Amino acid sequence: MEPSASFNRPVRHAVILAHPDRASFNAAVASRYAATVEALGHEVVNRDLYRLHFDPILKDSERPTAANYMLDGDVATELGQLEGVDVFVLVYPIWFGLPPR
C-alpha cells in the first residue's frame, strides 16, 4: 500500500505502549504493528511509556488556566517526539474492564 497522494512523505505512525512487562502480549502487539507498517514503507515512532518513566500525573502548573502555565519536561519531550505523526496507536492492557490508571 502506498502512502496517500496528499502526503509528500511516508505516513508516520506513533506506537505508544503502556505496559510494565516487556514480554507482554501488549508489547508483542505493538512490535508487530510497528514491523508491519515499516514493511509497508511507513515510518514508526515507538514510545514505551514505562521504559521512559513517563509521569502521567497532570500537575496544576501544567494546566492552561494556571498563571504560570508551563509543560513539564517529560510532556514537552514527548510532544516533540510526536510532531508530524499521522497515526496514533495506543497499546495498553484492559484490567478489570478499565484502562490503566
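Before moving on, here are some points about what is shown:
- Protein heavy-atom accessible surface, 1.4 Å probe, per residue over the chain: 71 Å².
- Accessible surface ranking that places the most exposed of TYR69, TYR92 first, with a 1.4 angstrom probe: TYR69, TYR92
- Only DSSP H runs of four or more residues enter the estimate; each adds -39500 (n - 2.57), and after division by the residues of the chain the mean residue ellipticity at 222 nm equals -7500 deg cm²/dmol.
- The chain - percent relative contact order, Cα under 8 Å, separation 6 or more: 38 percent
- Rounded to the nearest 0.05, the FRET efficiency derived from the C-beta distance between GLU83 and ASN8 at R0 = 25 Å is 0.95.
- Computed on protein heavy atoms with a 1.4 Å probe, the accessible areas place THR77, THR65 in the order THR65, THR77, largest first.
- Taking Cα centre as origin and charging only the Cβ of basic (Lys, Arg, +1) and acidic (Asp, Glu, -1) residues, the dipole magnitude of the chain rounds to 220 debye.
- Among [x] 0.99; [y] 1.03; [z] 1.23, the entry that matches Rg/Rh (Cα atoms, Kirkwood Rh) as calculated here: [y]
The values are calculated or read from the model by the stated rules, or taken from the named source; none is laboratory data. Here the structure is a predicted model, which is why all the values come from computation and not from measurement. A quick note on method: Cβ atoms are made from the backbone with ideal geometry, for glycine too, and the neighbour counts reach across all protein chains shown. For the accessible areas, the whole protein counts, side chains as well, though only heavy atoms, and no ligand, DNA or RNA atoms are used. Shrake-Rupley method; radii C 1.70, N 1.55, O 1.52, S 1.80 Å.
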